[in-house]
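The values are calculated or read from the model by the stated rules, or taken from the named source; none is laboratory data. Since the structure is predicted, the reported quantities are computational estimates derived from the model, not experimental observations. Reconstructed Cβ throughout: ideal geometry from the backbone, glycine too, with neighbour counts over all protein chains shown.
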Amino acid sequence: MVDVPPLVLDRGSGRPLSVQLADALRAATVGGVLRPGDRLPSTRELAVALRVSRTVTAAAYDQLLAEGWADGRRGVGTFVVGAQTAAAAPSPARPAAPRVVAAPIELRAGAPCLEVLDRSAWRRAWRAAGDPAPDAGPEPAADPGFQRAVTDHLLRHRGLAALPDDVLATAGTSAAVAEVARLLPPGSRVGVEDPGYQRVLGALRDAGVTVVPLPVDRDGLVVDAVPTGLAAVYCTPAHQYPLGRRLSAARRLGLVARARAEGWWVLEDDYDGELRYDVAPLPLLGALGPDVAVHLGTSSKIVSPTLGVGWVVAPPDLRAALVARRTATGTRPARAGQRVFAALAGSGDLARHLRRLRRELVVRREQVLAAVAAGGAHAEGDPAGAHVLVPLPDRAAEEGVIAAAAADGVAVDGLGRHWTGPGPHAAGLVVGFAAPTRADLGRALPVLTRALCDV
């Protein structure tokens, strides 16, 4: 039986209450509030609810039964039939359905390669994550299983030795940066790579800090150009985004030394550090300077943003401040994604996935390099991650290639939108190759080649 919608009966009008009730039920059916098949209350129940006599409700039901709006079934009840037998008011002409436009093939960086994700392993991990009992209260730091999984992952794949208690769960890199930024004193200045990751810049500005652009060259962040008076420096040393270079060993040491001497944090975004294809990665800043480095990782690039989870390994004082703020504000990352990640890692499925992912992306990268070369251009960047940089002569050429590719159904990102400071700026394309299926990548690369040839 359905709950009957509010029915207003005007006892002061001259119209019989039974007629008013029948009209109200009829209108509720026409309006879709009552639907065909809904069981109406008995005449006695409705009379009690409306504070009228049963004679009123019985007369209203008799009227609806006679008109075909309702159907009575002996011993079962009265059911809504619908308005199909009534003369309905003419409905206005429906507008023409919008033309469905196929989504472009994504050659923009940032999305994971889902084609190599074992869906059986994915389902197993979600089932395993549901095995523990539901949480009775919040956990502002992290799920213990997630902490153990992350420490093992960092040691195996990134060479960073950490204890489980060193790890806090996050809702992703940008969210973690925003959390740290909100702990900084009012008016703080934070240095960021230029060009750099615009989403983090947005998170910093939203947290109320001043962003200071820092130059980047072929060896990564130019440490000597970092001004004094900063509260933190955000960087992507393993695979600079979007230029694709890694921070040299000498500059890593210099950055940590300056952070110690001047008292600021180094926010190390290791967004795709697991994805190197040539040699072992250089030591993490988190290993070189655990007292000043805030190591940030994410599952979004290596697994899926569906998990909505990342991690931070930070000095004890900063970890305590983050947990205290989470406790005071009630903010915390959800544990479901943490438990799925832990299940993937604990079963060995995450390690197997990373091996498949590296093999796949090596092949895709070679295909992109060949397509770029066929277009008369060249690609830059270390053999790592899931994007390359294609330098172009100027901003007009950049916009032209983007427009030409878009006209053929391929979305490509330009370097221009990643700059923060005043120009002049270099132009180019930031070409990602993880998101498309193999078939879509095969269709998209000839489009990119043609667009480059037209420059």
Taking Val211 as the residue in question, decide whether it is at pLDDT 95 or above and within 19 Å of Arg417 (Cα to Cα).
yes
Among the strands (runs of 3 or more DSSP E) confined wholly to the range 360-455, which include 2 or more residues that are over 30 Å from Val212 (Cβ atoms)?
410-414
Whether any residue in the range 175-193 is of a type outside the set (Phe, Trp, Tyr), outside any helix (DSSP H, G or I), out of contact with any helix residue (DSSP H, G or I) (no Cβ under 7 Å at 6 or more places or on another chain) and within 17 Å of His418 (Cα to Cα) is what I want to check.
yes
Scan the range 186-198 and give yes if some residue there is modelled with pLDDT under 95 and on the phi > 0 side of the Ramachandran plot, otherwise no.
yes
Qualifying position, being of a type outside the set (Ser, Thr, Tyr), closer than 14 Å to Thr331 by Cβ and more than 22 Å from the chain's Cα centre (by Cα), among Leu154, Leu160, Leu183:
Leu183
Can you give me the number of residues within the range 352-382 that are farther than 21 Å from Arg450 by Cα and either under 24 Å from the mean Cα position of the chain (by Cα) or not aliphatic (A, V, I, L, M) (or both)?
12
Determine the pairs where a residue that is closer than 21 Å to Ala66 by Cβ and in contact (Cβ under 8 Å) with a residue 40 or more places away in the chain, located within the range 8-35, has a partner that is surrounded by fewer than 18 Cβ atoms within 10 Å (Cβ to Cβ) and of a type in the set (D, E, K, R) with Cβ atoms under 6 Å apart, the partner being 6 or more residues away or on another chain.
none
